[in-house]
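Here's the structure we're looking at; comments come further down.
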Amino acid sequence: MWSASRLSPASITTRSGLPPLLEPADFKGILADKAFDVHWIVDALHAQGACVVIPQRKNRLDRRPFDGPLFKARHLIENFFCKLKEFKRIAMRSEKTDRSFETMIYLVGAIINSR
């Protein structure tokens, strides 16, 4: 479940908002794109015993196993975010507070699910 404290400003880079999410949590793995193929991220996830499914950058020297078929399932998540962004209030982040933005995401998610 989302928490308003996990929402980050639109201007923040993706990786800089990640450390609080990597604190010990109850998850078994992560699916991410090449932008997250960074040693400190992968090492932190392995230390928690999480399954890491991140394609490797071409210049990575220490290659690790990669589950390609599982990564292909990631398109379902990407498709959902594309559907969320069809709603202007989500795409433009029109809500003034994190709580109202989070609520709007839940509302739009329910609308998408009901289609």
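The values are calculated or read from the model by the stated rules, or taken from the named source; none is laboratory data. In this text, all values refer to a predicted model and were calculated from it rather than measured experimentally. Reconstructed Cβ throughout: ideal geometry from the backbone, glycine too, with neighbour counts over all protein chains shown. Accessible surface areas use protein heavy atoms only, side chains included; no ligands, DNA or RNA. Shrake-Rupley method; radii C 1.70, N 1.55, O 1.52, S 1.80 Å.
A few notes on this one:
- Of all the numbered requirements in (1) surrounded by 14 or more Cβ atoms within 10 Å (Cβ to Cβ); (2) outside any loop (DSSP other than H, G, I, E, B), residue 40 misses one, and that requirement is (1).
- Any hit, region 85-108, residues being among the hydroxyl-bearing types (Ser, Thr, Tyr) and closer than 27 Å to residue 53 by Cα: yes
- Residues that are within 25 Å of residue 29 (Cβ to Cβ) and open to solvent by 50 Å² or more (accessible area, probe 1.4 Å) do not occur anywhere in region 93-103.
- Where residue 68 falls short, out of the listed (1) within 19 Å of the chain's Cα centre (by Cα); (2) surrounded by 10 or more Cβ atoms within 10 Å (Cβ to Cβ): (2)
- As a summary of the residue check, residue 82 satisfies the conditions (1) under 20 Å from residue 22 (Cα atoms); (2) open to solvent by 40 Å² or more (accessible area, probe 1.4 Å); (3) not β-branched (Val, Ile, Thr) except for the one numbered (1).
- Check on residue 25, under 25 Å from residue 91 (Cβ atoms) and modelled with pLDDT under 85: no
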